[in-house]
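**Student:** Let me give you the structure first, and then I'll get to my questions.
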Amino acid sequence: MSYQDPIYLFLLLPFTLIIYQLLNKKYRYLLLLLVSYGFAYLITGKKIIIIAITSAFVYTIGRAIGSVNDKCKAEVASARKDKELKKKIKSIYNKKSKRVLVFGMVVIILILAVLKYCGFFAESVNYVTNLINGSSPIPVVKLLVPIGISFYSLQAIGYLTDVYWKKTAPEKNFFKLALFLAFFPTIMEGPICSYVDIKDKLFSGEDVRSENLSDGYVRILWGLFKKIIVADRLYVIVNTLFDASANYNGAYIAIAAIAYTVQLYMEFSGCMDIVIGSARLFGITLMENFRQPFLAKNASEFWRRWHISLGVWFKTYIFYPVSMSKMAKKWKQFGTDKLNKYFTRIGLSAMALFPVWFCNGLWHGPKWNYIFYGMYYFVIIMLEQIMEPIRNGFTSRFKIGEKNKIWNGFLLVKTWIIIFTGELFFNASSLKHGFKMFFAMFRDFNLRTFVDGSIFSLGLGRADLVMAMIGAVVVFVVGIIREKNTDMLGSIRGMKLPVRWAIYITLIVCVVIFGAYGPGYQEVDLIYAGF
């Protein structure tokens, strides 16, 4: 089952909403928990026990950290005005709670590593030893990974860290914490939620309201529009070109990179629309995961607009802690004494960004091209920072303002090339395959390929390709409107009833008539559900 499945849309959501409204408010979160585990079981089967065990462990560690913090607070209070004693007590208990936190994080990471990465580790070691002495000492065992493990593992680590930082009290109700980790709209593809941000709405049992229903279902329809009108059609072209890339010239490889990037965005952002809309039906507001990423003017801005919840998680729990670490402070001191501000800042950025982008690549899965993908953006973003003084000098000398259309157009195209190239490696079957496709792009590149009609030989008919292109243009135009801080849902909600319903019906008709399903189409799995 997936979010575009009729069972999810026409059975699970409506029946859950009805029962949810009929229940007493204080029991509604239990219904959401039951539905979440039922949904997870339909997707992942008996592996749901991993989610339950992780939830129980995280609950226990959170309470343990909270207990240490409470004891610290009590002893500090008993010390009264003795500042030195208070400082000593805080230091002792901070070390205790930190040890508990580190233990909890290590166990969560080990569970994730064993289930998701043990086969990759064994294959990598065997590859190296095979080159050295022709042996493969480690048996390769690939375990079945429970759905959503990469998402709820990050949420679990974030929750424990927030308890350690005293941003939130440890949850005393196990079932509420279990719901936070397994909430059915978010378990497959996120967004990665912060416990502090979501807990009040998730557990409040807010009544079902008409405005939430209208906003939620419009958002779901918009997500379905992206997914089954655009993404599922482009899948045919992407699959053809990536599977047999050796048979195509440079222009086709460029088409493959562009088509996959658009497909990934339409599918992932469309899924997020369905997820956010599903939660909105119950009065629960989830974090936005995309904000017009293709309007970014550099790689850093692109990642502030793309998969926002993942970026926020890395910034909060890796970038900032590394930036404030003893190693970073030593570098700052060294830079102050021996270097200038520019090199000090570049060194500090590299120190904090390297683990972020290495983990970003590895998080996506046990493949070297994912790790390369993370390092690719690390290098690009570092180059942007290194070149910043030169860029600023250039724009200042030639008096190029922020609103200069030609300059901004150049920046957009440059960023698109960076994005398309990155996604080419991201979707390649291996790192070697990615490099082969990349270099093939520069051989026999013929612009006529884009206009001579040969693109229709890639498995997608003319009508389907035109429909996908129209759908992509519609999404892009809506994105431009949203970029101007226009609240689309608020605007629709404020329209007169006939106009509002005309929009609803148009969306429904588009999805029903122009959706890519039926004879000749296979259901396309959600890409990020595999991460």
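The values are calculated or read from the model by the stated rules, or taken from the named source; none is laboratory data. Keep in mind that this is a model prediction, so the values were computed, not measured. Every residue, glycine as well, gets a Cβ built from its backbone with ideal geometry; the counts of neighbours run over all protein chains shown. The accessibility values were calculated without ligands, DNA or RNA, using every heavy atom of the protein model including side chains. Shrake-Rupley method; radii C 1.70, N 1.55, O 1.52, S 1.80 Å.
**Student:** Quote the Stokes-Einstein diffusion coefficient, in whole µm² s⁻¹, for region 409-531, based on the Kirkwood radius over alpha carbon pairs, a temperature of 25 °C and a viscosity of 0.890 mPa s.
**Tutor:** Answer from the Stokes-Einstein relation: 131 µm²/s.
**Student:** Based on Cβ point charges of +1 for Lys and Arg and -1 for Asp and Glu, what charge dipole magnitude is obtained for region 122-202 about its Cα centre, in debye rounded to the nearest 20? Don't jump to the answer; show the numbers that get you there.
**Tutor:** Numbers: 7 positive and 6 negative charges, 54 e Å.
That gives a dipole near 260 debye.
**Student:** Take the solvent-accessible surface of the protein heavy atoms, probe 1.4 Å, and return the percent of it on the chain that carbon and sulfur atoms account for.
**Tutor:** 66 percent
**Student:** Now a separate question. Under the classification rounded if a/c is under 1.5, otherwise prolate if a/b is larger than b/c and oblate if not, where does region 334-459 fall, given a ≥ b ≥ c as square roots of the Cα gyration tensor eigenvalues?
**Tutor:** Oblate.
**Student:** Once every DSSP H run of n ≥ 4 in the chain is given -39500 (n - 2.57) and the sum is divided by its residues, what mean residue ellipticity at 222 nm do you get, rounded to the nearest 500 deg cm²/dmol?
**Tutor:** Value at 222 nm, helices only: -23500 deg cm²/dmol.
**Student:** For region 1-99, what does the alpha-carbon gyration tensor say about shape, rounded, prolate or oblate, given a ≥ b ≥ c as the root eigenvalues, a/c under 1.5 as rounded, and a/b over b/c as prolate?
**Tutor:** On the way: a/c = 4.97, a/b = 2.62, b/c = 1.90.
Prolate, because a/c is 1.5 or more and a/b exceeds b/c.
**Student:** Between Val473 and Lys88, what is 0.36 nm times their sequence separation minus the Cα-Cα distance? Round to one decimal in nm.
**Tutor:** Contour length minus Cα-Cα distance gives 132.4 nm.
**Student:** Treating only the Cβ atoms of Lys and Arg (+1) and Asp and Glu (-1) as charged, compute the dipole magnitude of region 349-408 about its Cα centre; round to the nearest 20 debye.
**Tutor:** So the dipole magnitude of region 349-408 works out to roughly 260 debye.
**Student:** Here is a further query. In region 301-434, with Lys and Arg counted as +1 and Asp and Glu as -1 at Cβ, which of these residues, Ile406, Thr336, Gly347, has the Cα nearest the positive end of the dipole, that is, farthest along it?
**Tutor:** Final value for the positive-end residue is Thr336.
**Student:** While we're here: List the pair-distance distribution P(r) of region 11-64, using every Cα-Cα distance, as the percent of pairs falling in each 10 Å bin from 0 up to the bin containing the longest distance, rounded to whole percents.
**Tutor:** Going out from 0 Å in 10 Å bins, region 11-64 shows 21, 39, 33, 7, 0 percent.
**Student:** For the chain, build the charge dipole from Cβ charges (+1 Lys, Arg; -1 Asp, Glu) around the Cα centre, then report which of Gly45, Ser135, Ile381 sits farthest towards its positive end.
**Tutor:** Ile381
**Student:** Let me ask you something else. If I take every Cα pair under 8 Å that is 6 or more residues apart in the chain, average their sequence separation and divide by the length, what percent do I get for the relative contact order?
**Tutor:** Reported relative contact order: 18 percent.
**Student:** Determine the distance separating the Cα centre of region 374-408 from the Cα centre of region 44-101; give it in Å without decimals.
**Tutor:** Each part reduced to its Cα centre gives a spacing of 45 Å.
**Student:** Sticking with this one: For the chain, with only Lys/Arg (+1) and Asp/Glu (-1) charged at the beta-carbon, what is the dipole magnitude about the Cα centre, in debye rounded to 20?
**Tutor:** 2620 debye
**Student:** On each of the three principal axes of the Cα atoms of region 209-257, give max minus min coordinate, whole Å, ordered largest first.
**Tutor:** 55, 14, 10
**Student:** Then there's this: Can you flag which of Lys90/Lys116; Lys88/Lys329; Lys201/Lys315; Lys96/Lys326; Lys98/Lys341 are past 31 Å Cα-Cα?
**Tutor:** Lys90/Lys116; Lys98/Lys341
**Student:** Oh, and also: Using the heavy atoms of the protein chains and a 1.4 angstrom probe, tell me the accessible area per residue for the chain in square angstrom. Mind dumping the intermediate values first?
**Tutor:** On the way: 26810 Å² over 531 residues.
That works out to 50 Å² for each residue.
**Student:** Based on the alpha-carbon gyration tensor of region 146-231 and its eigenvalue square roots a ≥ b ≥ c, which shape applies: rounded if a/c is under 1.5, prolate if not and a/b is larger than b/c, or oblate? Intermediate results must be reported in sequence, preceding the final value.
**Tutor:** Numbers: a/c = 2.66, a/b = 1.53, b/c = 1.74.
Oblate, since a/c reaches 1.5 and b/c is not below a/b.
**Student:** Roughly what percent of Cα-Cα pairs across region 179-226 reach past 15 Å?
**Tutor:** In whole percent, the long-distance tail amounts to 60.
**Student:** What number, in nm² with one decimal, is the all-direction average of the projected area of the convex hull of the alpha-carbon atoms of the chain?
**Tutor:** Values: hull surface 127.3 nm².
Approximately 31.8 nm², given one-decimal rounding.
**Student:** Quick one: 3J(HN,Hα) in Hz for region 28-45, Karplus 6.51/-1.76/1.60 with θ = phi - 60°, rounded, Gly and Pro as x.
**Tutor:** 5, 5, 5, 5, 4, 5, 4, 5, 4, 6, x, 4, 5, 5, 5, 8, 10, x
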